[in-house]
Amino acid sequence: MRPADAERVFERFYKADPFAQGLGLGLSLCRLIARKSGGEIRLDTSYTQGARFVVTLRV
């Protein structure tokens, strides 16, 4: 995935692969929960062996 599209995966109903199962809500809900908890979630675009998401939460 291009780094420019990394933010799009957190949009509701967005699916990078239209043939994949699911509604495209999971990452949107994860971001909502992280933000409500005072944190953040992002896609690590430097990782190339799949997908890696970095979650930062306040302690």
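The values are calculated or read from the model by the stated rules, or taken from the named source; none is laboratory data. Computed from a predicted model, the values in this text were never measured in an experiment. Positions of Cβ are backbone-derived with ideal geometry, glycine not excepted, and every protein chain shown enters the neighbour counts. To get the accessible areas, we keep the full protein, side chains included, count just its heavy atoms, and leave off ligands, DNA and RNA. Shrake-Rupley method; radii C 1.70, N 1.55, O 1.52, S 1.80 Å.
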Margin query: Give me the residue from region 3-38 that is among the basic types (K, R) and either open to solvent by less than 80 Å² (accessible area, probe 1.4 Å) or without any contact (Cβ under 8 Å) to a residue 12 or more places away in the chain (or both) and, out of that set, farthest from V54 (Cα to Cα).
Written below: K15
Check: In region 39-49, what residues are under 13 Å from the mean Cα position of the chain (by Cα) and open to solvent by less than 60 Å² (accessible area, probe 1.4 Å)?
Finding: I41, L43, D44
Item checked: Qualifying residue in region 22-40 (condition: modelled with pLDDT under 90 and out of contact with any Phe, Trp or Tyr (no Cβ under 8 Å at 6 or more places or on another chain)) -> yes
Checklist line | When residues of region 50-59 are limited to those that are assigned to a loop (DSSP other than H, G, I, E, B) and within 19 Å of P3 (Cβ to Cβ), the one most open to solvent (accessible area, probe 1.4 Å) | finding: R52
